[in-house]
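All remarks here apply to the structure that follows.
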Amino acid sequence: MIAEHLRIDIPLAGRLALTLSGRLETYSTRRMHIHAHHQLLRIQNGVSLLEDRSTRQPLFGSMAALIPAELPHRSTVIGESVTYKSLYFAPELFDSEIAGIVIFNMSSLGAALFDRIAVRRGSDLQAGLNRECMGLLMKILHEDIVRPVELARLPQPNHPQCRRVVEFIERNYARRLGMSDFTAAFPYSGRHLSRLFKADVRIGIFDYLRIYRILTASVELSVSPRTITEIAYDCGYESISSFYRDFNLFFAVAPKAFRHRMARSAQSELMTAERGNP
């Protein structure tokens, strides 16, 4: 039985907009919650699991989430601490219906506008840059939300050393990895390497490794006839229970059910293609 959701009245409820930021653990709830405003959420650091009644979706890197007003949802932290920024805004500011949570790749202009907006009082939107940025962001959102996220997409590093860390993970994810393996491969202390990677990629090294393993496993489950146990071990897991726990966290379904769902989807696409060809 699903517990009743909570109603969260954000500060200045009833006003047009409000921005909040901080550590996700501080503001999240154990139960689903709703609020009267649409919410535009970006994770600034780390990995969050965004959950509604039917799905759980990882949110990280350049991804953003548009959560409609009155929709029960919650966010939880995956791995290390997560920091975020949210823009809550009245539905009348956005002239489109939103049926559910939309996770999308925010454009660089949209991200710049979002980062610039700071609304603490009702007067903040009466004039000036906040008002101009808000109006432009609402227009850009209509274009951005039609760019769906490919789930098997990880944030790409810019720093050359961080790119080498990612290459190291891609070569070695199938074996047990600890910080000593990274410090042996790179001329940095574990603390410095962790800071460098997080500053560039916005998630920790082991958050990245965990996501890479799970997404790799999801691809293997979709295309390979190997057993779930074989795939789990080949993706670097030493415990089947840990693999099932992580897989359920990211996909809200067991690996076997996920495999069946992907097989049905592939079969449906094949039948559609065959009907379309004479």
Quiz item: Filter the range 93-137 for residues that are at pLDDT 90 or above and acidic (Asp, Glu); which is nearest to Leu66 (Cα to Cα)?
Solution: Asp115
Quiz item: Is there a residue in the range 204-222 that is open to solvent by less than 70 Å² (accessible area, probe 1.4 Å) and in a loop (DSSP other than H, G, I, E, B)?
Solution: yes
Quiz item: Only one of (1) open to solvent by 80 Å² or more (accessible area, probe 1.4 Å); (2) at pLDDT below 95; (3) in contact with a Phe, Trp or Tyr (Cβ under 9 Å, 6 or more places away or on another chain) is not met by Gln267, so which one is it?
Solution: (3)
Quiz item: Looking at the range 74-102, which of its residues are among the charged types (D, E, K, R) and either farther than 18 Å from Gly46 by Cα or outside any strand (DSSP E or B) (or both)?
Solution: Glu92, Asp95, Glu97
Exercise. Return the residue satisfying two criteria in turn: it lies in the range 223-264 and is without any contact (Cβ under 8 Å) to a residue 12 or more places away in the chain and outside any helix (DSSP H, G or I), and of such residues it is surrounded by the fewest Cβ atoms within 10 Å (Cβ to Cβ).
Key: Pro225
Practice problem: Would you point out the residue of the range 173-203, among those that are within 16 Å of Glu238 (Cα to Cα) and touching a helix residue (DSSP H, G or I) at 6+ places or on another chain (Cβ under 7 Å), that is least open to solvent (accessible area, probe 1.4 Å)? | Solution: Leu177
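Tell me, which residue of the range 103-134 that is assigned to a loop (DSSP other than H, G, I, E, B) and polar (S, T, N, Q) is surrounded by the fewest Cβ atoms within 10 Å (Cβ to Cβ)? Before you say what the answer is, go through the steps one by one.
Start the filter on the range 103-134 by keeping residues that are assigned to a loop (DSSP other than H, G, I, E, B), which leaves 106-107, 117-121, 126-127.
Those still in the list that are polar (S, T, N, Q) too: 107, 126.
On the way: Ser107: 16, Gln126: 10.
The selected residue is Gln126.
I'd like the residue in the range 32-54 that is over 28 Å from Arg210 (Cα atoms) and of a type in the set (A, V, I, L, M) and, out of all such residues, is least open to solvent (accessible area, probe 1.4 Å). First the steps, then the outcome.
First pass over the range 32-54, keeping only residues over 28 Å from Arg210 (Cα atoms): 34-38.
Add one more test, that the residue is of a type in the set (A, V, I, L, M), and what stays is 34, 36.
Details: Ile34: 11, Ala36: 53 Å².
The extreme case among them is Ile34.
The values are calculated or read from the model by the stated rules, or taken from the named source; none is laboratory data. Bear in mind that the values here come from a model prediction, so they are computed numbers and not experimental data. Every residue, glycine among them, receives a Cβ derived from its backbone with ideal geometry; neighbour counts consider all protein chains shown. These accessible areas exclude ligands, DNA and RNA; they are computed on the full protein's heavy atoms, side chains included. Shrake-Rupley method; radii C 1.70, N 1.55, O 1.52, S 1.80 Å.
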